[in-house]
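The values are calculated or read from the model by the stated rules, or taken from the named source; none is laboratory data. Just so we're clear, the structure is a prediction, and the values are computed from it rather than from any experiment. As a convention, Cβ positions derive from the backbone with ideal geometry for all residues, glycine included, and neighbour counts pool all protein chains shown.
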Ligand code: ABU
């Protein structure tokens with residue numbers, strides 16, 4: 001078996017690490033309103049290719065992660081170059097440029113022996129599967145047990161988005177907190193792969209700005225006949241949710257690192273508490289939101305976007321000492337790499353990787369769901 005990965009923590013044997021080659025600034029579009037951090041309201045967000053120096057700084061840190069993983073005996077693969085500066089034009093939309101291949105986790109997911117390419121939720125990311133296609137063909141040709149699925153592409157036309165979402169004042173967001181309606185309507189199947197967290201037989205999927213209920217229904221209908229259970233989850237205090245891996249991060253059977261500012265809805269927490277899982281809050285990140293890189297659209301909680309190499313070993317960003325101390329107290333071996341120059345591309349260590357092979361098989365970590 002080459003493609004084999006059922007959860008976020010089993011011993012890692014092969015992984016794809018992203019690349020900043022040819023990365024561009026993310027364009028303004030109905031599903032995304034990037035802003036310059038700490039700049040006066042209305043300051044223009046840059047367009048087109050990222051500066052060479054920013055790409056080199058990020059690539060150096062991505063190469064450092066790759067070297068660390070290889071030093072631990074893990075096979076590391078990289079995406080193929082893609083022209084992200086090329087515009088995209090479909091019958092339904094046009095966008096001036098694409099984004100990058102820094103975060104394979106956002107678009108690609110391995111669930112058991114199956115590789116799924118997510119629909120994606122933003123126009124600039126419509127073709128983001130392409131840097132991974134050569135690898136997918138290689139795995140698919142080499143291993144007859146690999147199942148390869150491309151989820152249905154949504155139109156991404158204007159009607160798919162709820163543009164007024166971006167104008168809602170905070171009071172309106174609070175009012176709508178429990179309806180979980182964000183910038184994407186419910187008419188089409190929409191999901192980013194990074195809204196899914198894998199727990200063996202059970203898949204936890206966050207309803208978010210990048211994954212809608214219709215996307216979760218598609219995942220249920222696709223995966224439940226294959227022996228999985230798909231559970232939607234909600235973090236009502238997260239008013240701009242996108243990607244679960246800065247909010248709810250499983251580290252080993254029975255232990256999830258949680259975000260103290262984004263608690264899990266009580267009714268969703270039952271599944272974990274009834275099955276004796278421990279939910280442990282991450283400490284405050286070492287940088288506040290205001291200290292994140294000026295073009296970074298992600299939150300300070302990239303601090304908890306760690307990569308598990310096994311149930312006992314975790315890679316953590318070099319400056320996140322409080323989290324490293326907590327993980328050590330929880331009996332993990334903690335490895336560190338510098339990764340802050342990758343942050344402006346929307347992710348940290350978990351986002352910048354895509355598991356191809358972890359040891360182990362499909363386990364049931366939630367026995368109350370099967371117990372008579
Ligand atoms: N791509 C992960 C970002 C999540 C967050 O900003 O919290």
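Output the residues belonging to segment 317-370 that are in a loop (DSSP other than H, G, I, E, B) and within 16 Å of the ligand (Cβ to nearest atom).
Passing the criteria: 320, 339, 346, 347, 348, 349, 350, 351, 352.
Here's a check for you: in segment 261-280, which residue that is more than 13 Å from the ligand (Cβ to nearest atom) and within 19 Å of the chain's Cα centre (by Cα) is surrounded by the most Cβ atoms within 10 Å (Cβ to Cβ)?
264
If the requirement is being farther than 26 Å from residue 72 by Cα and surrounded by fewer than 24 Cβ atoms within 10 Å (Cβ to Cβ), which of these qualifies: 330, 326, 335, 369? Step through it out loud before you land on a result.
Values: 330 fails: farther than 26 Å from residue 72 by Cα; 326 fails: farther than 26 Å from residue 72 by Cα; 335 fails: farther than 26 Å from residue 72 by Cα.
None of the others qualify; the one that does is 369.
If you take the residues of segment 200-232 that are under 15 Å from the mean Cα position of the chain (by Cα) and either within 16 Å of residue 110 (Cβ to Cβ) or part of a strand (DSSP E or B) (or both), which of them is farthest from the ligand (Cβ to nearest atom)?
Going through the qualifying residues, I end up with 203.
Looking only at segment 285-298, decide whether some residue is within 21 Å of residue 252 (Cβ to Cβ) and within 13 Å of the ligand (Cβ to nearest atom).
No, every residue in segment 285-298 fails to be within 21 Å of residue 252 (Cβ to Cβ) and within 13 Å of the ligand (Cβ to nearest atom).
Hey, could you check segment 299-316 for residues that are part of a loop (DSSP other than H, G, I, E, B) and within 16 Å of residue 102 (Cα to Cα) and say which is farthest from the ligand (Cβ to nearest atom)?
Among them, the one singled out is 306.
When both residues are 6+ apart or on different chains and their Cβ atoms are under 8 Å apart, which pairs have a first residue that lies in segment 223-249 and is within 22 Å of residue 279 (Cα to Cα) and modelled with pLDDT under 95, and a second that is away from the ligand (no atom under 16 Å from the Cβ) and in a loop (DSSP other than H, G, I, E, B)?
236/177; 236/178; 236/180; 236/265; 237/177; 239/177
Which of the residues belonging to segment 156-185 are over 30 Å from residue 91 (Cα atoms) and assigned to a helix (DSSP H, G or I)?
Across segment 156-185, the qualifying residues are 170, 171, 172, 173, 174, 175.
Applying the selection to segment 145-155, what residues are in contact with a strand residue (DSSP E or B) (Cβ under 7 Å, 6 or more places away or on another chain) and in a loop (DSSP other than H, G, I, E, B)?
146, 151
Which residue out of 62, 12 is crowded, with 17+ Cβ neighbours inside 10 Å and under 29 Å from residue 254 (Cβ atoms)? Steps first, answer last, please.
On the way: 62 fails: under 29 Å from residue 254 (Cβ atoms).
That would be 12, the only listed residue that is crowded, with 17+ Cβ neighbours inside 10 Å and under 29 Å from residue 254 (Cβ atoms).
Mind checking whether some residue in segment 355-367 is closer than 15 Å to residue 303 by Cβ and either in contact (Cβ under 8 Å) with a residue 24 or more places away in the chain or over 21 Å from the mean Cα position of the chain (by Cα) (or both)?
Within segment 355-367, none of the residues are closer than 15 Å to residue 303 by Cβ and either in contact (Cβ under 8 Å) with a residue 24 or more places away in the chain or over 21 Å from the mean Cα position of the chain (by Cα) (or both).
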